[in-house]
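Below is one structure, written out as structure tokens; the observations come after it.
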């Protein structure tokens, strides 16, 4: 099912009158005048600089004839670590939030299902998973946070960065690894490592001081966060993609006129397309920036050792996924939730989520 259709389904229970799918783009004269207060992602990352900031600061105003604008503050500027984002959205302090599944504290296991470590092996697959699992996430956003998801995105491919030179995933055994989210923790443990949860902005000093030996993040975000200054190796084996979503507070949404809702639905779709278009190129450029094996447009390339995955490495990830990641997540989400995930997502890829 396409995301536009899912968005229409979500709005059916959120907005009087049912679907917010637009038959045609309303003229600016029909629109409300509104400045949206928005929380964005980290201000030093490409998706914020090239997608989020231009959309809210320039493109929305231009498209609406100045009627609709955005005041966007990054999570970096606000000095937030994560779960505060959706709490601020729920209370209406912000109208819109660019958020991650790991920010969800109430209903967290359901959101994990969109971004289980080791499942998505391509950008297209990650987007497909988000779309397939969207109805379950929308229920949580409506019931727990008084909001609805209006757009999705993802960060570049998640990989290992390590302080020392390693030659394969087998070398993760015995190492302390910074993770984000519980499923990454399960994957690291399955590989014989010890998982450590550290906020993104605090990873560099942790690596530098040896608090952790390795860390997992996206190929380009790792470079832009200056991880190559304190590590020697990057392992280009896909551990998935960090999924994300844009959610709007329903009280704010319901105050908008129908023409404005229709207009914003079209704009959120444009935001989504721009975000996903950046993921593939940022993944490839990230490896080039980390290693010097290709052009890097965002700064001087680093010289990390590049470890390409072998069949044995891929087999280790697959075994960790099936033996540990999926069963442990099934315990957290419950039998009914796991059965839904298997039916809605897993069967497409030959995966079953069931507690051992």
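Just a few scattered comments:
- Going by neighbour counts of Cβ atoms within 10 Å, the residues 44, 160 line up, fewest first, as 44, 160.
- Label-point gap, in nm, between residue 339 and residue 194 - each point 7 angstrom along Cα→Cβ: 4.0
- Inter-centroid distance (Cα atoms) of segment 202-236 relative to segment 135-172, Å: 17
- With the highest mean first, a sort of the peptides 276-284, 150-158, 307-315 on other beta-carbon atoms found within 10 angstrom per residue produces 150-158, 276-284, 307-315.
- Overall dimensions of segment 185-239 as given by Cα atoms, namely Rg and Dmax in Å: 11.0, 29
- Sequence-separation-based contact order of segment 109-186, relative, with Cα cut under 8 Å and 6+ spacing, percent: 32
- Principal-axis analysis of the Cα atoms of the chain puts helix 258-291 at an angle of about 20° to the longest axis.
- Remark: the residue 258-residue 305 segment gains 11.5 nm on full extension, using 0.36 nm per residue and subtracting the alpha carbon distance.
- Nearest 10 degrees, 0 to 90: helix 335-344 Cα axis against the chain principal axis: 80
- In plain terms, the chain from residue 125 to residue 62 could stretch by 19.4 nm, reckoned as 0.36 nm per residue minus the Cα-Cα distance.
- Kirkwood-Stokes translational diffusion coefficient of the chain, alpha-carbon pairs, 25 °C, 0.890 mPa s, µm²/s: 118
- Using alpha carbons only, the radius of gyration of segment 70-176 set against its Kirkwood radius gives Rg/Rh = 1.03.
- Protection-proxy order for peptides 182-192, 291-301, each taking the mean of Cβ atoms within 10 Å per residue, highest first: 182-192, 291-301
- Computed from the C-beta positions of residue 106 and residue 29 and an R0 of 45 Å, the FRET efficiency is 0.65 to the nearest 0.05.
- Gyration tensor verdict on segment 216-356 (Cα atoms; rounded if a/c is under 1.5, prolate if a/b is larger than b/c, oblate otherwise): oblate
- Length added when fully stretched, residue 229-residue 293, from 0.36 nm per residue minus Cα-Cα: 21.4 nm
- Per-residue packing, averaged as other Cβ atoms within 10 Å, sorts the ranges 164-171, 132-139, 95-102 into the order 95-102, 132-139, 164-171, beginning with the highest.
Bear in mind that the values in this text are calculations on the coordinates, not laboratory data. Computed from a predicted model, the values in this text were never measured in an experiment. Note that we place each Cβ from the backbone using ideal geometry, even for glycine, and neighbour counts take in every protein chain shown.
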